[in-house]
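Notes follow once the structure below has been shown.
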Amino acid sequence: MLKTKAASLTTRVHELETALEQQTSQLNQRVAELAVINSVQEALVRKIDMRGIYKLVGERIGNLFDAEAMLIASFDPEYESEFFQFAIEKGEEVHPQARPLDNLRRQLIDEKQSILIKDKSEAYAWFKKETIPGTKPLLSGIFTPLLLGEKVTGYISLQNVDRENAFVDSDVKLLETLANSMSVALENARLFEETNRLLKEMKQRNGELSVINSVQEGLVAQMNMDEIYTLVGDRIRDMFDAQTVVIRTYDYKSKLENYNYSIEKGERLVIKPRPFDEFTNYLIQLKKPQLINEKFKEYIDQFSDEPNLEGEVPKSAVFVPMVLGDVVIGNLSLQNVDHENAFSPSDVSLLSTLANSMSVALENARLFDETTRLLKETEQRTTELAVINSVQDGLAKELDMQAIYELVGNRIRDVFDAQAVLIATLDTDAGIEDFKYIIERGERYYHKSRPYDKVRQHLIDTHEKILINSNFEEAHLKFGMNLVPGTEYPKSLLFVPLLIGDTVKSYVSLQNIDREHAFSDSDVRLLETLANSMSVALENARLFDETTRLLKETKQRSAELSVINSVQEGLAKELHMQAIYELVGDKLSEVMNSLDIDIRLFLPEQNLVAYPYVRDQG
C-alpha cells in the first residue's frame with residue numbers, strides 16, 4: 001500500500017516537474033518574444049531607421065536560437081521579387097541583391113504556413129544547387145511567413161549550413177509566435193519610417209513652395225530682377241545651410257554667363273559676366289544635375305581651359321540646370337569648401353525640383369522686368385517726342401529764336417524736374433558762350449556773353465557729355481568752372497553737347513544744388529537723346545531766324561534801290577529839281593510807310609535851311 005502511494009506520489013511529482021518545465025519553457029518563450037517585440041518598440045522610440053530595426057530584430061532572434069544563419073526578407077507582389085532586409089551567416093553580415101521569387105517563397109505566400117527543412121535532401125528538393133550569393137547551401141532551416149491580416153509581407157528564416165536536423169517543431173512554433181507578434185510591430189515601424197519620409201518630403205515641398213512664393217512675392221512687390229535673385233539665393237542658402245550658393249544665367253547671343261547671385265561663407269561676391277568655358281558648355285549639353293562629392297580639383301582639371309570659379313576651390317559641389325522648354329537658361333550650384341561628401345542625393349533631388357519650378361517663375365520675373373523696362377523706355381520716347389514736337393510747333397508758328405529757347409528750356413525743366421537748367425550757344429571763333437536760357441529754383445537769370453571755360457572747351461573737343469555726380473569742388477578745380485553770377489554752386493552737374501555735323505554749336509546743362517548723385521543713367525540717356533533730336537530742330541530755327549533777318553535786309557536793300565532808281569529815272573527825264581525832290585519824298589513816304597517826311601537843304605552862304613519837300617500827317 002505504501003509502495004503504491006509512493007509510486008503514485010513520484011508520478012505526480014514527475015508530472016508537476018514536467019508541467020513546470022513546460023510552463024518555464026513557455027515563460028521563456030514569452031520572455032524571448034517580449035524581448036524581441038520590446039526591441040522593435042525601443043527602436044521606434046529611438047527613431048532608428050528601418051534597416052536598423054531589421055538588424056536589431058534579426059540579431060535578437062539569431063541570439064535566441066543560436067542559429068548559424070538568419071534572414072529577414074520582404075515581398076514586393078507587384079514585381080514578384082524579394083528584398084533582403086537583414087542577412088547574417090556565422091556572425092558576418094551579408095547584403096544580397098533583390099531577386100525574383102522562387103517556388104519556396106511562392107508557397108509561403110500561397111499557403112501562409114511555415115516550411116521546415118530537416119536535411120540535405122529536402123533542401124535540394126527546394127533549391128537544387130541555388131544559393132543566395134555570398135552564402136553556403138543550407139542543410140536545414142525554417143522559413144516562417146510574416147503575416148499582416150491575410151497578406152504575407154515577408155518571412156523570417158533560420159538556417160544551418162553545417163548540420164542536418166538543426167531545428168525541431170518547437171523551434172518552428174516559437175519562430176511563428178515571434179513572427180506573428182513582430183509582423184504588426186515591424187509594419188508599424190515601416191509605417192513610422194514612411195510617415196517620417198512623407199513628412200520630410202512635405203517639408204521639402206514647403207521649402208520649394210517658399211522659394212517659388214518668394215519669386216511670386218517679388219513680382220507682386222514689383223522688385224527688380226537683382227532683388228528677386230537675391231531673395232531666391234538667400235532662401236536656398238538658408239534651406240540647405242550651404243557655404244556657397246551660386247545662381248548663373250546664360251546669354252547665348254553674347255556667349256556670356258551672368259552671375260546673378262553668388263555668396264560664400266556669408267559674403268556676397270560681385271562677379272562680372274564671363275565668356276562660356278569648356279565646363280559651362282559641358283553643363284549646358286548635359287542638361288541634368290552633376291554631383292561632384294569628392295576629388296573636385298581632379299574632376300575640374302579634366303577640362304582643358306581654366307574653369308570660371310570664384311573664391312575658394314570647393315571639395316563638394318552640385319550643379320543643377322534651370323531648363324525652359326528645351327533650353328538651359330542657367331544653373332543653381334551648391335558648394336562646400338571644407339569637406340567632401342557634403343551633399344546627398346536628396347539634396348540634388350530637392351535642388352532639381354526647385355530649379356524646375358523656379359525656371360518658369362524666374363523667366364516670368366525676367367519678362368516682367370523687361371516689360372517694365374520697355375514701358376519706361378516708351379515713356380521716355382513719348383517725353384522726347386513731346387519736347388521735339390514743341391520745338392517743331394514753335395517753328396510752325398514762326399516763333400523767334402529766343403522764344404524757341406524759352407519753350408525748350410521750360411519743357412526740359414518740367415521733364416527732369418531739375419533745379420537749374422541752362423542752354424547756351426558757343427562761338428568757337430571768338431571763344432565766347434552766349435546764354436540763351438538760365439533758370440534756377442524757378443527764377444530766370446539773364447547774363448551777357450562771356451569767354452567760355454575748360455568745361456565748354458572739353459565739350460567742343462571731345463563731343464562727349466560731362467557728368468559730375470559728386471565731389472563738385474574737385475571738378476571745379478580741374479575744369480576751372482566759371483559760375484554764372486547770382487547762382488549757387490551745384491552738387492550734381494550734367495553737360496550734354498548739341499552737335500551740328502561734327503561741330504558743337506551749343507549745350508544743355510542740368511544742375512542740382514541740394515544733393516549729389518541726382519542724375520541717373522536714364523537721365524543722361526534721355527537728355528542725350530533730346531540733345532541729338534534738338535540739335536537739328538534748333539539749328540533749323542536758327543537758320544529760319546537768320547533767313548528772316550536776311551529777307552528783311554534784302555527788302556530794305558530793294559527799297560533803297562527803288563528810291564535810287566526813281567531818282568535816276570527823274571534825272572534821265574531831265575525833270576527840274578523841285579520835281580525830283582517831290583519824286584524822292586513821295587517814294588520815301590511810300591517805302592517807309594511814314595506820314596511825316598521832310599527833305600532839308602543847308603545853305604551855308606546864307607546860313608539858312610531850305611525845305612524843298614515837307615510832308616506832315618500825310
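The values are calculated or read from the model by the stated rules, or taken from the named source; none is laboratory data. As the structure is a computational prediction, the values presented were derived from the model and not from experiment. Virtual Cβ from ideal backbone geometry, glycine too; neighbours counted across all protein chains shown. The protein model used for the area step is the full one, side chains on, heavy atoms only, and it has no ligands, DNA or RNA in it. Shrake-Rupley method; radii C 1.70, N 1.55, O 1.52, S 1.80 Å.
The number of residues in the range 545-566 that are within 60 Å of the chain's Cα centre (by Cα) and closer than 29 Å to ILE599 by Cβ comes to 0. Do we have any residue at all in the range 512-531 that's touching a strand residue (DSSP E or B) at 6+ places or on another chain (Cβ under 8 Å), of a type in the set (S, T, N, Q) and in a strand (DSSP E or B)? Yes: the range 512-531 contains one or more residues that are touching a strand residue (DSSP E or B) at 6+ places or on another chain (Cβ under 8 Å), of a type in the set (S, T, N, Q) and in a strand (DSSP E or B). Within the range 501-551, can you find the residues that are closer than 23 Å to GLU443 by Cα and in contact with an Asp or Glu (Cβ under 9 Å, 6 or more places away or on another chain)? Matches in the range 501-551: SER506, TYR507, LEU510, GLN511, ILE513. Within the range 548-569, is there a residue that is open to solvent by 50 Å² or more (accessible area, probe 1.4 Å) and under 30 Å from ASP414 (Cβ atoms)? Yes. Checking each residue in the range 303-319 for being at pLDDT 85 or above and over 11 Å from ASN336 (Cα atoms) picks out only PHE319. Condition test on ASN364, is it over 20 Å from the mean Cα position of the chain (by Cα) and open to solvent by 20 Å² or more (accessible area, probe 1.4 Å)? So ASN364 fails the test. When PHE240 is tested against (1) closer than 26 Å to LYS265 by Cβ; (2) more than 54 Å from the chain's Cα centre (by Cα), just one condition goes unmet, and that condition is (2). Among the residues of the range 309-352, those identified as β-branched (Val, Ile, Thr), closer than 23 Å to ILE271 by Cα and over 16 Å from the mean Cα position of the chain (by Cα) are VAL313, VAL318, VAL337.
Test VAL496 against the stated conditions and say whether it is open to solvent by less than 70 Å² (accessible area, probe 1.4 Å), among the β-branched types (Val, Ile, Thr) and not in a loop (DSSP other than H, G, I, E, B). For VAL496, the condition - open to solvent by less than 70 Å² (accessible area, probe 1.4 Å), among the β-branched types (Val, Ile, Thr) and not in a loop (DSSP other than H, G, I, E, B) - is met. Taking the listed residues ASN160, ASN103, ASN165, the one that is open to solvent by 50 Å² or more (accessible area, probe 1.4 Å), in contact with an Asp or Glu (Cβ under 8 Å, 6 or more places away or on another chain), more than 23 Å from ALA185 (Cα to Cα) and of a type outside the set (A, V, I, L, M, F, W, C) is ASN165, with no other qualifying.
Scan the range 474-489 and tell me whether some residue there is over 22 Å from GLU539 (Cβ atoms), out of contact with any Gly (no Cβ under 6 Å at 6 or more places or on another chain), open to solvent by less than 10 Å² (accessible area, probe 1.4 Å) and not in a loop (DSSP other than H, G, I, E, B). No; the residues of the range 474-489 include none that is over 22 Å from GLU539 (Cβ atoms), out of contact with any Gly (no Cβ under 6 Å at 6 or more places or on another chain), open to solvent by less than 10 Å² (accessible area, probe 1.4 Å) and not in a loop (DSSP other than H, G, I, E, B).
Of the strands (runs of 3 or more DSSP E) lying entirely inside the range 60-137, the ones with 2 or more residues being among the small types (Gly, Ala, Ser) and under 59 Å from the mean Cα position of the chain (by Cα) are found at 69-76, 81-89.
Under the condition of being loosely packed, with under 13 Cβ neighbours inside 10 Å, touching a strand residue (DSSP E or B) at 6+ places or on another chain (Cβ under 9 Å) and assigned to a strand (DSSP E or B), the residues counted in the range 428-473 number 2.
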